[in-house]
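Everything on this sheet refers to the single structure shown next.
The values are calculated or read from the model by the stated rules, or taken from the named source; none is laboratory data. Just so you know, these numbers come straight off a predicted model, no measurement behind them. All Cβ positions, glycine included, derive from the backbone under ideal geometry; neighbour counts span all protein chains shown.
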Amino acid sequence: MTGKSNAVSFALLPLVLLLSCQRAEIPQPWTPGPVADLGVLKAILKDGCDHPDAERSLHVYLDRPADFSPHDAEQWDWRPSSEFAVPLAIRSGSQVRWQKLTPCASRQVVDASRVDALIAQDGTIPPSYKYFREAYPNCRNIVQLSMPAYSEDGHRALVYEVSRKSDGLASSGRFIQIEGAGAEWHVTEKHPAWLSVF
């Protein structure tokens, strides 16, 4: 009996090895990385730099990513599908910071802590934004971008953008769809989600 059982085991060994090798070749889900994240950021900034009125006003992007909550999105005009909403929520609260970049005169990614300090400096409630406007005299919007959520194949991404006027009197949120791979991405669609005027 033992001889037969050993013979069967040895006979099945090539099949077991073959199945093990095939299992190892199953593609794993695509996961984001810093190269893709930076490529997405550059695509969004480039889209802004290429805008016809880009030279007239500065948009200051904070290096601190925007947070996204699916619960908040339930009341918005446009909501992402679960394919993107779940990864957006998972990446919210990330300690990762956007790289500080100035791809053109009208788009700058800056230190969020510095902007917070400038806005709080006058000590008024609501803040007057006086010191912020002195530091960034041509600024029209203060913008935060979430870390991107990616499709399963890694060729589509969605970013949640929160923008507030530099006087603090209005803010809005929208979603930006981007397509590409690796470091090469381009903006394909923008979806306004909400608007708040004070």
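Of all residues in the stretch 136-152, those that are surrounded by fewer than 17 Cβ atoms within 10 Å (Cβ to Cβ) and in contact with a strand residue (DSSP E or B) (Cβ under 9 Å, 6 or more places away or on another chain) total 3. The set of residues from the stretch 32-85 being within 14 Å of the chain's Cα centre (by Cα) and of a type in the set (S, T, N, Q) comprises just one member, Ser69. Residues in the stretch 76-92 that are hydroxyl-bearing (Ser, Thr, Tyr) and outside any helix (DSSP H, G or I): Ser81, Ser92.
Okay, residues lined up against (1) at pLDDT 95 or above; (2) touching a Ser or Thr at 6+ places or on another chain (Cβ under 8 Å):
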| residue | (1), (2) |
| --- | --- |
| Pro34 | no, no |
| Val40 | yes, no |
| Ile44 | yes, no |
| Ala66 | yes, yes |
| Ser94 | no, no |
| Asp116 | yes, no |
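Would you list the strands (runs of 3 or more DSSP E) that sit entirely within the stretch 114-198 and hold 2 or more residues that are in contact with an Asp or Glu (Cβ under 7 Å, 6 or more places away or on another chain)?
Filter on the stretch 114-198 gives 139-145, 170-181, 184-197.
Among the residues of the stretch 145-198 satisfying the criterion of being closer than 18 Å to Leu62 by Cβ and of a type in the set (Lys, Arg), which is nearest to the chain's Cα centre (by Cα)? So the residue we want is Arg174.
Of the candidates Glu83, Glu161, Glu179, the single residue that is farther than 13 Å from Leu41 by Cβ, acidic (Asp, Glu) and in contact with a strand residue (DSSP E or B) (Cβ under 7 Å, 6 or more places away or on another chain) is Glu179.
If the condition is being surrounded by fewer than 17 Cβ atoms within 10 Å (Cβ to Cβ), without any contact (Cβ under 8 Å) to a residue 40 or more places away in the chain and within 13 Å of Gly168 (Cα to Cα), then the stretch 106-130 contributes Asp116, Ala120, Thr124, Ile125, Ser128, Lys130.
Of everything listed in (1) over 16 Å from Ala36 (Cβ atoms); (2) assigned to a helix (DSSP H, G or I), the single unmet condition for Gln95 is (2).
Per-residue answers, yes or no, for (1) loosely packed, with under 15 Cβ neighbours inside 10 Å; (2) touching a Cys at 6+ places or on another chain (Cβ under 8 Å); (3) more than 18 Å from Pro126 (Cβ to Cβ); (4) in contact (Cβ under 8 Å) with a residue 60 or more places away in the chain:
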| position | (1), (2), (3), (4) |
| --- | --- |
| Leu158 | no, no, yes, yes |
| Glu161 | no, no, yes, yes |
| Lys165 | no, no, no, no |
| Leu169 | yes, no, no, no |
| Gly173 | no, no, yes, yes |
| Ile178 | no, no, yes, yes |
| Glu184 | yes, no, yes, yes |
| His191 | no, no, yes, yes |
| Trp194 | no, no, yes, yes |
